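A.B. asks: Have a look at this one before I ask anything.
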Amino acid sequence: MGGIITKIAKVRHVALTGFGAVSVLFVPVGASACAVTPVRDLFAYDAQTQIILDVEAAMARAQAAHGVIPVAAAEEITANARVEFVPQEDFDAEYQIVRHRMVALLNVWRRTLGPAGDQYVHYGATTVDIYGTTTVLQLDGAIEALDQCLASTIGIMSQMAQDYAQTPMIGRTLGQHAQPITFGKKVSVWVDEYARHRERLLQVRARLRRSAILKGAVGNYSGLGDHAIAVEQSFAAELGLDAPYAADWSGTRDVLAEYALVLGLIARSHQRIGQELFLLQGTDIGELREAQRAGVVGSSSMPHKRNPRAPERLVHAGRTIPRLAEILGDDVVNLFERDNTSRLTPVLEDISVESVAAIRTLNGLLSGLEVDRERMLENIALTRGFAMSQRVAFALSDHMPRVEAEALVKDVIAAALAADIGFAEALLADERVTAHFEAETIAQLLDPARVDAPAIRQVERTVSQPVSEGEDP
């Protein structure tokens, strides 16, 4: 009886065991694991219909286990819960008559059932429960795919952060040159950010997996009999889901909205990274280059151009996916016990598919990114050494009060600007500096390739330390 779920649904039910020790950094998943088609297929006719049939069969088995319907009826319903018995052509024809999706499906399906199955299929159920649970299973499958995509993202970023942990580039604040950082440091920020996104998605998944529902038309188990609560719990277990929430959620849909809002937040991160990679590829900065296949044309009229492509798609995803999330967020405001104004499924499909596509784009972009180390050093040098002023001030503070050291460095910079000379030349021309530092020491202080040990360690800690819920790294 129990646990009979067809393969198309079974692969979507991976139980979570709590988050106290979930590593979100080191999951060896290749970039090829992030594919759009499996997520799109979850919402296609065959897969969706199969999930609906699985839900109906799980309900029948749960009811039989508690004596609500005969065991023979549940066995027959389960044996015939195959999409081949509800071909899309027959469903479409029936729908044109009845104009109700569930009734059309049941009418076609019943043609393959004997008297027992025909009498007890969909027994005491309401359409909203069946479709609500179907949505839960579809999103559970989508989250599984999204989690694999994010695992790939984090893996790619982690390797990049390690590879470029000592590659200096200028750090920019408010659009201006600030201090040198390393490209590995920049990417390590993304690693931690996407690890948090993965945690959020897993947390949403835990709530989603408690959202199987079998509570009837107004959520009070009406028509489901005295064993309704026990049947609902068995129903969830049959589908490989966790114990369902006690309260009705048909009129709230906050978990579905949370799923969408998390995807919207992830898309914003795509947008920010895409925008930065767009700018860093610009002719005036030129520190990065997006890999492009041979034969790709940058411009129809300007043959010299090598235009960014994937960054544009990421920026677009950051503008569109949050808009879809807004629609699902609006749906939390339902009328009374529930309404049907939202037409959830198409929006959930769109946001799930577009989210996977965006992560796939990001992964492809990062995997082929070309880093121009020499250009990064050239850009640091644009300020003629002034970007190293803090390091010089700190070094001088070993020989004088910190306030005096900072004032001295400001004086040197002012003199350099007035004389239109570089920082090194101005430092060597000031006796207050040369009283403590020789030319070699000044050259070392102004060398951006000398990366401080804590900065390197920061990258190492970020990419190597698993992050668990409630754990302070």
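The values are calculated or read from the model by the stated rules, or taken from the named source; none is laboratory data. Please read these numbers as outputs of a predicted model, since none were measured by experiment. Don't worry about glycine lacking a Cβ; one is built from the backbone with ideal geometry, like all the others, and counts go over all protein chains shown. Surface accessibility is based on the protein's heavy atoms, side chains included, excluding ligands, DNA and RNA. Shrake-Rupley method; radii C 1.70, N 1.55, O 1.52, S 1.80 Å.
A.B. asks: From the list 98, 68, pick out the single residue that is within 19 Å of residue 213 (Cα to Cα), among the hydrophobic types (A, V, I, L, M, F, W, C) and open to solvent by less than 60 Å² (accessible area, probe 1.4 Å). Spell out how you get there, then give the answer.
C.D. replies: Details: 98 fails: within 19 Å of residue 213 (Cα to Cα).
The conditions single out 68.
A.B. asks: Could you list all residues from region 81-95 that are open to solvent by 60 Å² or more (accessible area, probe 1.4 Å) and in contact (Cβ under 8 Å) with a residue 40 or more places away in the chain?
C.D. replies: Once the filter is applied, which keeps residues that are open to solvent by 60 Å² or more (accessible area, probe 1.4 Å) and in contact (Cβ under 8 Å) with a residue 40 or more places away in the chain, region 81-95 yields 82, 88.
A.B. asks: Somewhere in region 171-194, is a residue aromatic (Phe, Trp, Tyr) and out of contact with any Ser or Thr (no Cβ under 6 Å at 6 or more places or on another chain)?
C.D. replies: Filtering region 171-194 for residues aromatic (Phe, Trp, Tyr) gives 183, 190, 194.
Adding the requirement that they be out of contact with any Ser or Thr (no Cβ under 6 Å at 6 or more places or on another chain) leaves 190.
For region 171-194, residues aromatic (Phe, Trp, Tyr) and out of contact with any Ser or Thr (no Cβ under 6 Å at 6 or more places or on another chain): present.
A.B. asks: Please enumerate the residues belonging to region 321-375 that are open to solvent by 30 Å² or more (accessible area, probe 1.4 Å), part of a loop (DSSP other than H, G, I, E, B), in contact (Cβ under 8 Å) with a residue 12 or more places away in the chain and charged (D, E, K, R).
C.D. replies: Residues satisfying the conditions are 337, 338, 372.
A.B. asks: Find the residue count for region 214-223, including only residues that are surrounded by 18 or more Cβ atoms within 10 Å (Cβ to Cβ) and in contact (Cβ under 8 Å) with a residue 60 or more places away in the chain.
C.D. replies: Restricting attention to region 214-223, the residues satisfying the condition of being surrounded by 18 or more Cβ atoms within 10 Å (Cβ to Cβ) are 214-216, 219, 221.
Among the residues that remain, those that are also in contact (Cβ under 8 Å) with a residue 60 or more places away in the chain are: 214-216, 219.
Qualifying residue count for the region: 4.
A.B. asks: Of everything in region 437-453 that's open to solvent by 30 Å² or more (accessible area, probe 1.4 Å) and among the β-branched types (Val, Ile, Thr), which residue is nearest to residue 395 (Cα to Cα)?
C.D. replies: 441
A.B. asks: So if I check each of 147, 118, which one is open to solvent by 10 Å² or more (accessible area, probe 1.4 Å) and within 24 Å of residue 362 (Cα to Cα)? Quick ask: steps written out before the conclusion?
C.D. replies: Numbers: 118 fails: within 24 Å of residue 362 (Cα to Cα).
So the residue among 147, 118 that is open to solvent by 10 Å² or more (accessible area, probe 1.4 Å) and within 24 Å of residue 362 (Cα to Cα) is 147.
A.B. asks: Please state which one of 126, 153 is within 19 Å of residue 62 (Cα to Cα) and crowded, with 17+ Cβ neighbours inside 10 Å.
C.D. replies: Numbers: 153 fails: within 19 Å of residue 62 (Cα to Cα).
Being within 19 Å of residue 62 (Cα to Cα) and crowded, with 17+ Cβ neighbours inside 10 Å holds for just one of 126, 153, which is 126.
A.B. asks: Could you look through region 393-407, keep only residues that are hydrophobic (A, V, I, L, M, F, W, C) and open to solvent by 30 Å² or more (accessible area, probe 1.4 Å), and pick out the one that is nearest to the chain's Cα centre (by Cα)? Can you show your working first?
C.D. replies: Of the residues in region 393-407, the ones hydrophobic (A, V, I, L, M, F, W, C) are 393-396, 400, 403, 405, 407.
Filter again for open to solvent by 30 Å² or more (accessible area, probe 1.4 Å), leaving 394, 400, 403, 407.
Details: 394: 41, 400: 50, 403: 46, 407: 47 Å.
For region 393-407, the residue satisfying everything is 394.
A.B. asks: Still on this structure: Cβ contacts < 6 Å: first residue in contact (Cβ under 8 Å) with a residue 24 or more places away in the chain, restricted to region 184-198; second residue outside any helix (DSSP H, G or I), any location; separation 6+ or different chain. Result?
C.D. replies: What qualifies is 184/164; 184/165; 195/24; 195/25; 195/467; 198/24.
Results for (1) of a type in the set (Ser, Thr, Tyr); (2) modelled with pLDDT of 95 or more; (3) at positive phi, shown as yes or no for each residue.
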site: 316; (1), (2), (3): no, yes, no
site: 322; (1), (2), (3): no, yes, no
site: 339; (1), (2), (3): no, no, no
site: 361; (1), (2), (3): yes, yes, no
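A.B. asks: Also, I was wondering about something else. Tell me which residues, restricted to region 224-264, are open to solvent by 60 Å² or more (accessible area, probe 1.4 Å) and either in a helix (DSSP H, G or I) or not aromatic (Phe, Trp, Tyr) (or both). Explain how you work it out, then say what you get.
C.D. replies: Step one: list which residues in region 224-264 are open to solvent by 60 Å² or more (accessible area, probe 1.4 Å), which gives 226-227, 229, 233, 237, 243, 245-247, 254, 261.
Within region 224-264, 226, 227, 229, 233, 237, 243, 246, 247, 254, 261 meet the criteria.
A.B. asks: Moving to a separate point now. Answer yes or no: is there a residue in region 384-392 that is at pLDDT below 95 and open to solvent by 70 Å² or more (accessible area, probe 1.4 Å).
C.D. replies: yes
A.B. asks: Report whether or not residue 198 is farther than 14 Å from residue 459 by Cβ and open to solvent by 60 Å² or more (accessible area, probe 1.4 Å). Outline the logic, then answer.
C.D. replies: On the way: farther than 14 Å from residue 459 by Cβ: yes; open to solvent by 60 Å² or more (accessible area, probe 1.4 Å): no.
So residue 198 fails the test.
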